[in-house]
Amino acid sequence: MKEELEKNIINILKEMGVENPKVVLEYPTQFTLGDLSTNIAMGYAKQLGKNPMDLAEEIKQKLEEALRQAQGDLSKQIKKIEVIKPGFINFFFDSGYFADVLKKTSEKNENLKNQKTIVEYTDLNPFKEFHIGHLMPNVIGESISRIIESLGAEVKRANYQSDVGLHVAKAVWAIKNGANLKDAYAQGHKAYEEDENAKKEIIEINKKVYNKSDSEINEIYQKGRKESLGGFEEIYKRVGTKFDFYFFESEVASFGKEIVEKNIGEIFEKGDEGAVIFKGENFDKKLHTRVFINKEGLPTYEAKELGLSKIKYDKYPYDISIVVTGNEINEYFKVLLKAMSLVFPDLAQKTKHISHGMLRLPEGKMSSRTGNIVSAESLINQVKEKIISHHETESKTAEIIAIGAIKYSILH
């Protein structure tokens with residue numbers, strides 16, 4: 001569908017006088033913006049001497065006419081084409097299209113029989129609250145797991161959680177200074193940004209969490225970690241997710257750092273102030289530079305992810321490893337996969353990154369840093385209460401309906 005649409009738009013642009021047009025269709029960050037979207041009108045408006053909105057409308061009209069004349073699968077499956085400011089063209093597929101895709105896939109399920117697949121999703125960080133944004137990768141990851149299972153594959157569910165790092169140090173600092181666990185991260189982050197002394201203390205706490213050198217800090221850390229993970233399990237139980245494997249940054253950090261250090265000179269290099277970096281642009285101009293060991297000598301997310309790929313495989317020798325995340329880290333993941341292809345080429349080939357759009361509040365993106373969130377627990381309870389009040393349903397049934405409604409709204 002995507003390729004056919006791109007071909008049609010390319011032909012339209014050529015007819016309008018554009019030489020060798022390049023058309024890119026992307027997945028919108030919000031479901032209300034359709035299933036595919038392009039900003040092609042804004043890209044060629046100046047060249048054609050047109051207003052972007054006018055050009056988008058013209059492309060839309062020509063495309064609709066071409067689809068009517070073709071009368072093929074594409075014309076049947078495109079439900080609506082919409083133009084929105086400042087010149088985006090959004091495409092909405094008929095729901096039957098997705099049903100057909102699943103049907104055709106299921107007919108080929110022999111290809112997945114006995115395939116060992118590990119699906120990593122949710123990836124909640126201890127010391128942060130489970131908010132509605134986290135429900136999205138959880139629901140999508142669980143759905144992907146069930147679909148692949150239904151096609152004959154052996155599926156293991158994995159949850160990779162960041163239980164060390166600066167976000168943990170910020171929360172531990174706040175708890176040490178009287179905050180409760182629920183508000184600790186937001187308070188610690190605010191202090192880190194606004195108070196230079198607090199920032200220095202948090203940096204030191206970060207080191208102590210890694211090396212477990214301070215008994216007071218370690219006690220706060222262990223208690224907070226246990227409470228966070230216990231709270232997450234309550235939500236997992238309510239939404240029907242049961243993980244086979246739990247991986248933690250604290251368990252993969254040293255191995256990830258070791259991998260990076262062994263490959264300094266060939267893959268990684270020393271950057272400013274002693275940090276170890278990977279210059280992605282040296283291998284692909286579309287990539288960028290990322291830090292794998294910071295100037296404090298601590299491994300970053302990137303180094304830990306390298307270690308995780310091997311540790312996952314040692315735990316469960318997978319044929320395919322699927323990682324489900326929000327699309328805000330797409331560029332990060334491209335760099336990571338490139339580095340992985342140089343360190344663990346076989347594992348990189350087996351790794352598939354699937355990203356999704358983000359749930360947002362009416363006023364914008366949610367942020368654990370500022371505390372501007374809606375917790376998953378409160379959303380589930382609110383929906384459940386509405387069902388009970390409107391339909392006089394018993395609590396257990398209302399819970400099932402509430403969870404189903406939330407999942408449907410995410411997957412729809």
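The values are calculated or read from the model by the stated rules, or taken from the named source; none is laboratory data. Note that this is a predicted model, so its numbers are computed, not measured. Cβ atoms come from the backbone with ideal geometry, glycine included; neighbour counts cover every protein chain shown. Ligands, DNA and RNA are stripped out before the accessible areas are found, and what is left, the full protein with its side chains, is counted by its heavy atoms. Shrake-Rupley method; radii C 1.70, N 1.55, O 1.52, S 1.80 Å.
By definition, a body whose alpha carbon gyration tensor gives a ≥ b ≥ c is oblate when a/c is 1.5 or more and a/b is not larger than b/c, and region 1-77 fits this oblate description. Among the trypsin sites (Lys or Arg not before Pro) in region 234-295, those located in a DSSP loop and surrounded by at most 11 other Cβ atoms within 10 Å of their own Cβ are 242, 285, 286. Taking 355, 375, 395 as the candidate residues, the one with maximal mean-square fluctuation in a Gaussian network model of the chain, Cα springs under 10 Å, is 395. Remark on residue 326: its backbone amide H falls under 5 Å from those of 356, a criterion applied only to residues 5 or more positions apart or on other chains, H modelled at 1.01 Å from N. Relative contact order, whole percent, for the chain stands at 15, derived from Cα pairs under 8 Å and 6 or more residues apart.
Rounded to the nearest whole Å³, what is the per residue volume of the convex hull around the Cα atoms of region 191-233? Mind showing how you got there, number by number?
Details: hull volume 3.5 nm³, N = 43.
Cα convex hull per residue, to the nearest whole number: 80 Å³.
The Cα atoms of region 318-412 define a convex hull whose projected area, averaged across directions, is 9.1 nm².
Each residue of region 201-208 is assigned a 3J(HN,Hα), and the resulting list reads 5, 5, 4, 5, 4, 4, 5, 5 Hz, derived from the Karplus form 6.51 cos²θ - 1.76 cosθ + 1.60 (θ = phi - 60°), x at Gly and Pro. Sorted largest first by accessible area at a 1.4 angstrom probe radius, with every protein chain in place, the residues 255, 283 fall in the order 283, 255.
In terms of the Cα gyration tensor, with a ≥ b ≥ c the square roots of its eigenvalues, is region 118-177 rounded because a/c is under 1.5, prolate because a/b exceeds b/c, or oblate? Prolate, since a/c reaches 1.5 and a/b exceeds b/c. With no solvent and one equal point scatterer per Cα, compute the Debye intensity ratio I(q)/I(0) for region 204-272 at 0.19, 0.22 Å⁻¹ and report its log10, rounded to two decimals. Debye intensities relative to I(0), on a log10 scale: -0.92, -1.01. About the Cα centre, and with charges only on the beta carbon of Lys, Arg (+1) and Asp, Glu (-1), how big is the dipole of region 61-220? Nearest 20 debye, please. Dipole size: approximately 480 debye.
Taking Cα atoms only, the orientation of helix 2-15 departs from the longest principal axis of the chain by about 50 degrees. If you take all other residues with their beta carbon under 11 Å from the beta carbon of residue 141, and give Lys and Arg +1 and Asp and Glu -1, the sum is -1. Could you look at the chain and say what percent of its accessible area is carbon and sulfur, using a 1.4 Å probe and all protein chains? In the chain, the share of accessible area belonging to carbon and sulfur is 48 percent.
Along region 277-282 the Karplus relation, 6.51 cos²θ - 1.76 cosθ + 1.60 evaluated at θ = phi - 60°, assigns HN-Hα couplings of 10, 10, 8, x, 5, 6 Hz to successive residues, with x for each Gly and Pro.
With a cut-off of 10 Å between beta carbons, the residues surrounding residue 403 carry a summed charge of +2, where Lys and Arg count +1 and Asp and Glu -1. Taking 37 °C and 0.692 mPa s as conditions, region 266-349 diffuses translationally at an estimated 243 µm²/s according to Stokes-Einstein applied to its Kirkwood radius (Cα pairs).
A cut-off under 12 angstrom between Cβ atoms defines the neighbours of residue 211, and their net charge, with Lys, Arg +1 and Asp, Glu -1, is 0.
Gyration tensor over the Cα atoms of region 127-233: the corresponding equivalent ellipsoid has semi-axes (square roots of 5 times the eigenvalues, largest first) of 33, 15, 12 Å.
In the context of the full set of protein chains, residues of the chain present 54 Å² of accessible surface per residue (probe radius 1.4 Å, heavy atoms only).
A simple rule links phi to the HN-Hα coupling: the Karplus curve 6.51 cos²θ - 1.76 cosθ + 1.60 with θ = phi - 60°, which for region 176-187 gives 4, 9, x, 6, 8, 4, 4, 9, 4, 5, 4, 5 Hz, with x for Gly and Pro.
Under the rule a/c < 1.5 gives rounded, and otherwise a/b versus b/c splits prolate from oblate, where does region 288-335 land using the Cα gyration tensor? If you can, show how the numbers build up before the last one.
Working: a/c = 2.91, a/b = 1.33, b/c = 2.19.
It is oblate, given that a/c is not under 1.5 and a/b is not larger than b/c.
Projecting the Cα atoms of 358, 215, 117 onto the charge dipole of the chain (Cβ charges, centred on the Cα centre) puts 117 farthest toward the positive pole.
Give me D for region 205-349 in µm² s⁻¹, whole number, from Stokes-Einstein with Rh from the Kirkwood sum over alpha-carbon pairs, 4 °C and 1.567 mPa s. Show your work: numbers first, answer last.
Working: Rh = 17.0 Å.
In µm²/s, the coefficient rounds to 76.
Here the chain is treated with +1 on each Lys and Arg Cβ and -1 on each Asp and Glu Cβ, and its dipole about the Cα centre works out to around 360 debye.
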